[in-house]
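Student: Input: one structure, supplied below.
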Amino acid sequence: MLLLAVTALEKIKTLPPAIWTKIAIAIGAFVLTIFLFRRVMKMNKIIAAVIVFVVFTVVFFSWVYNRNEPPFMTPIVQRIAPFFPSAGSYQSKQATPPKP
């Protein structure tokens with residue numbers, strides 16, 4: 001058993017610093033989420049619902065504009081994207097010469 005513990009410890013030591021940074025960020029995000037969730041549960045529910053709605057709306061329209069949505073949201077965003085401006089349409093409009 002001691003041999004297995006040593007090899008696991010050696011494997012942990014060989015992990016690059018980027019992995020440790022990502023692990024620390026994930027733990028910090030989890031703790032922050034729990035803290036915010038507890039704080040929101042003490043709030044008035046209507047105010048909390050408005051805040052959640054605004055945050056989700058901003059994130060969703062950011063996905064539609066930049067087209068960087070998660071893969072599971074692509075079918076929904078593809079149907080909605082033609083009705084809203086996107087970064088690609090703006091770039092193509094800027095690339096064309098102005099009409100005289």
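The values are calculated or read from the model by the stated rules, or taken from the named source; none is laboratory data. Just so you know, these numbers come straight off a predicted model, no measurement behind them. Cβ: placed from backbone, ideal geometry, glycine included. Neighbour counts: every protein chain shown.
Student: Scan segment 70-95 and report the pairs whose first residue is more than 21 Å from T57 (Cβ to Cβ) and whose second residue is at pLDDT below 70, with Cβ atoms within less than 8 Å and a gap of 6+ or a chain change.
Tutor: none
Rundown of residues vs (1) in contact with a Lys or Arg (Cβ under 9 Å, 6 or more places away or on another chain); (2) on the phi > 0 side of the Ramachandran plot; (3) of a type in the set (K, R); (4) modelled with pLDDT of 85 or more, yes/no style:
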| residue | (1), (2), (3), (4) |
| --- | --- |
| L4 | no, no, no, no |
| T7 | no, no, no, no |
| W20 | no, no, no, yes |
| I23 | no, no, no, yes |
| I27 | no, no, no, yes |
| L32 | no, no, no, yes |
| R38 | no, no, yes, yes |
| M43 | no, no, no, no |
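Student: Just for segment 52-66: of the residues that are among the β-branched types (V, I, T) and closer than 24 Å to M41 by Cβ, which one is nearest to the chain's Cα centre (by Cα)? Please lay out each step first, then the result.
Tutor: Restricting attention to segment 52-66, the residues satisfying the condition of being among the β-branched types (V, I, T) are 52, 54-55, 57-59, 64.
With the extra rule that they be closer than 24 Å to M41 by Cβ, the set shrinks to 52, 54-55, 57-59.
Details: V52: 15, V54: 15, V55: 12, T57: 13, V58: 12, V59: 8 Å.
My answer is V59.
Student: Here is a check on your reading of the model: is V40 hydrophobic (A, V, I, L, M, F, W, C) and within 21 Å of G88 (Cβ to Cβ)?
Tutor: no
Student: Anything in segment 75-100 that is assigned to a helix (DSSP H, G or I) and at pLDDT 75 or above? List them, or say none.
Tutor: P75, I76, V77, Q78, R79, I80, A81, P82, F83, A87
Student: Which is among the hydrophobic types (A, V, I, L, M, F, W, C), in a helix (DSSP H, G or I), closer than 30 Å to S89 by Cα and modelled with pLDDT of 90 or more, of V64, V54?
Tutor: Going through V64, V54 in turn, the sole match is V54.
Student: Here is a follow-up. How many residues does segment 35-63 hold that are farther than 28 Å from I76 by Cα and surrounded by 10 or more Cβ atoms within 10 Å (Cβ to Cβ)?
Tutor: 5
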